[in-house]
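A short write-up of the structure that comes next.
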Amino acid sequence: MQIAGKLFVITGAGNGMARETALQLLAKDARVAGVDLSADGLAETKELAGANSERFTAHALSITDRAAIEALPAEVEAAHGRPADGLINIAGIIHRFAKIQDLEIEEIEKVMTVNYWGTVYPVKAFLPVLLTRPEALIMNFASMGSLLPVPGQGAYGSSKGAIRLFTDTLYAELDGTNV
């Protein structure tokens with residue numbers, strides 16, 4: 001896929017790997033719609049983009065807010081004057097190192113909601129748009145924790161394993177399409 005001129009939506013773009021991914025894509029003449037819970041983090045990403053900042057838009061929202069995510073494709077298109085060409089899901093959280101028996105159920109639910117549903121919601125929202133593009137991309141970040149159990153990170157690994165299987169299934173289902 002050619003990067004220059006394409007529009008990518010990146011979750012978690014207010015910091016870390018997602019921020020760096022946004023900056024690298026902007027440096028290659030792409031457009032980026034950055035999504036993050038932190039408006040301040042997105043503002044920092046835009047500032048770090050320097051001369052490329054005019055091709056970056058900030059969308060401060062929770063990836064666990066299904067209604068907000070469902071509205072995002074239209075928001076992104078309005079902000080950039082064109083539909084998205086790619087979705088890169090990087091946003092996620094980790095829980096404290098603790099055995100599953102020692103985690104509160106709310107901690108497990110939060111990790112699963114942010115990591116798994118926070119990947120599924122954007123895919124479901126953007127897939128109809130991406131299928132209309134000449135070429136498109138969906139990239140979901142998982143973790144080595146999805147492949148091997150890590151004691152003390154059971155809920156995290158489970159959430160990433162769910163993302164990995166979801167992505168593998170999506171790949172198989174989209175075989176032969178432009179995505």
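Coordinate-derived values only; no laboratory data. Everything quoted here is computed from the prediction, not taken from an experiment. Positions of Cβ are backbone-derived with ideal geometry, glycine not excepted, and every protein chain shown enters the neighbour counts.
Between the Cα long axis of helix 16-27 and the first principal axis of the chain there is an angle of about 20°, rounded to the nearest 10.
Please identify every one of the trypsin sites (Lys or Arg not before Pro) in segment 89-154 that sits in a loop by DSSP and has no more than 15 other beta carbons within 10 Å of its own beta carbon. Of the trypsin sites (Lys or Arg not before Pro), the ones in loops of segment 89-154 whose Cβ has at most 15 other Cβ atoms within 10 Å are Arg96, Lys99. Here the Karplus curve 6.51 cos²θ - 1.76 cosθ + 1.60, taken at θ = phi - 60°, turns the phi angles of segment 46-56 into couplings of 4, 5, 5, 5, x, 5, 8, 5, 5, 9, 10 Hz, with x standing for Gly and Pro. Roughly how many nanometres apart are two label points built 7 Å out from the Cα toward the Cβ at Glu109 and Ile93? Each label point is offset 7 Å from its Cα along the Cβ direction, giving 1.3 nm. In deg cm²/dmol, rounded to 500, what helix-only [θ] at 222 nm does the chain give when every DSSP H run of at least 4 residues adds -39500 (n - 2.57) and the total is split over its residues? That calculation yields -14000 deg cm²/dmol at 222 nm.
How about segment 85-179: which chymotrypsin sites (Phe, Trp or Tyr not before Pro) there lie in a loop by DSSP and see at most 13 other Cβ atoms within 10 Å? Passing both the DSSP loop test and the Cβ count: Phe97.
Taking amide H atoms as placed 1.01 Å from N in the peptide plane, the amide H of Ile88 lies under 5 Å from those of Val9, Ile10, Thr11, Met139, each 5 or more residues away in sequence or on another chain.
Within the shell defined by Cβ-Cβ distances under 15 Å, the residues around Ile69 carry a net charge of -3, with Lys and Arg each +1 and Asp and Glu each -1.
Of the labelled figures [x] 1.03; [y] 1.26; [z] 1.13, only one reflects Cα Rg over 2.2 N^0.38 Å as derived from the coordinates, namely [x].
Taking every lysine pair in segment 7-173 that is 8 or more places apart or spans two chains, those with Cα atoms closer than 26 Å amount to 6. When the chain is treated as a Gaussian network with alpha carbon springs shorter than 10 Å, the biggest mean-square fluctuation among Pro128, Pro83, Pro73 belongs to Pro128.
Express the relative contact order of segment 7-173 as a whole percentage, based on alpha carbon pairs under 8 Å and six or more residues apart in sequence. List each step's numbers first, then the result.
Values: 297 pairs, mean separation 34.7, N = 167.
21 percent.
Mind checking segment 45-144 for GluC sites (Glu not before Pro) that DSSP puts in a loop (not H, G, I, E or B) and that have at most 13 other Cβ atoms within 10 Å? Hits after loop and neighbour filter: Glu104, Glu135.
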